[in-house]
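Just below is one structure, and these are the notes that go with it.
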Amino acid sequence: MEEEEGRPRKLAKLDHSGGQLDGEPVMSGALATNDQGAEDDTARPSAAPDATEDANGKSDEGPGAEEGDETEPKLSKSQLKKLRRRENWEAGREDRKVKRREKLHAKRQRQRAERDAAGATEITLRKDKEKAMQRQRSVLLPITMVIDCGFDDLMLEKERISLGSQLTRSYSDNIKAPYRSHLVISNFDKKLKERFDNLLRKVHEKWRGVHFMQEDFVHASELAKEWMAGPEGGQMVGALADKTDARPEDGEVVYLSSESEHTLMELKPYSTYIIGGLVDKNRHKGICYKRAVELGIKTAKLPIGEYIQMSHRAVLATNHVVEIMLRWMELGDWGEAFMKVIPQRKGGVLKGQGADGDDGEEYDDQEEQEEEDAEVSQDITNDDPSADTNESQEA
């Protein structure tokens, strides 16, 4: 008996259902009761640490849970900067409008004060106003200018912005010139049209006396023949005053290009002149000329070398070519027209007056075009936009 009392008690064997065999008590902690098991389950962390449930009980297993999910491509630092710059620009649009109006109002007040200080009377002011109104009256001539914008895919975004500004200046110069032409913007589609429709809020739809079309310049020139031959085709005045015997069938279609072997010595009535709308820093040299030759259209270049000595390359912006032609329609003299339009920084002087550099040397301006120039176009009906533009069009 003493040996038995000194031995440790054997554990009771359990059957397969977890019950006792010999009626012996089970050692404490050997098996957990159902209540204890429940407590242990609540104390355990969730089985999958990356699986969570939202308030509706739906499982969100984190990234990579579904094989079909695709992550958006990350933007580069340069793209992010451009995006932020664009957002800041859009955010300040209204402020810029207010500042422009305030600047214009201040300018008018300053001019009024200067007139008052000079002792201007009411009669003098009325005469000044009448003269200004007379200058604004523009006479239409039977000449058409078509700006070919069919190079959208060849330009960078900043170049497309510059072209938009040049179109704005071309319209402004034409509508305010003493003698104006029919003006057409052909191949007006793709990203250039998208820019005018969205960023510039369709300001071009308010422009007067200009035709926008998605068709090419060939289609535009066919329509121009009908416009110029019609009852409102234009008058034989200005530089065309001595062309009263001209007939519509005598008109021609000419694509302007510096690569042409022909020189344009005068503008003919009932004629259409095509100007390439391209800003490309001369990457695609001669593309306008090649396009015209392939279509069997006559080409010509402006007579810069015959009248002007340049110290740089004479590659003009689209709006400069338009303005030069408008000046010729007014003055009938290429030399005067060039000198009134070509920027002084290009070093151009009339032949015979002396100049540094070689005759006929071409000019290539590398200035950047600021986007503010294009936005100024929204106030074009109230104020004359004053913005320099990238030179790109060969003349």
Study note, to complete from the structure: Using the Kirkwood radius over Cα pairs of region 208-357, the Stokes-Einstein translational diffusion coefficient at 20 °C and 1.002 mPa s, in µm²/s and rounded to a whole number, is 128 µm²/s
Revision key, fill the gap. Taking the alpha-carbon centre of each part, the distance from region 259-313 to region 185-229 in Å is 21 Å
Point to revise | Over 26 Å between alpha carbons, listed pairs Lys225/Lys281; Lys191/Lys285; Lys77/Lys191; Lys82/Lys340 | key: Lys225/Lys281; Lys82/Lys340
Review point. Just in region 204-296: which trypsin sites (Lys or Arg not before Pro) are loop by DSSP and have at most 10 other Cβ atoms within 10 Å?
Key: Arg208
Practice item. Could you run the Karplus curve 6.51 cos²θ - 1.76 cosθ + 1.60 with θ = phi - 60° over region 171-179 and give me ³J(HN,Hα) per residue in whole Hz, x for Gly and Pro? Key: 4, 4, 4, 5, 5, 9, 6, x, 10
Exercise for review: List the GluC sites (Glu not before Pro) within region 189-297 that fall in a DSSP loop (any state other than H, G, I, E or B) and whose Cβ has at most 16 other Cβ atoms within 10 Å.
Suggested key: Glu215, Glu232, Glu252, Glu259, Glu261, Glu266
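A short reminder: the numbers here are calculations on the coordinates, not readings from a lab. Predicted, not measured: the structure shown is a model, and the values here were computed from it. Here Cβ is always computed from backbone atoms with ideal geometry, including for glycine, and neighbour counts include all displayed protein chains.
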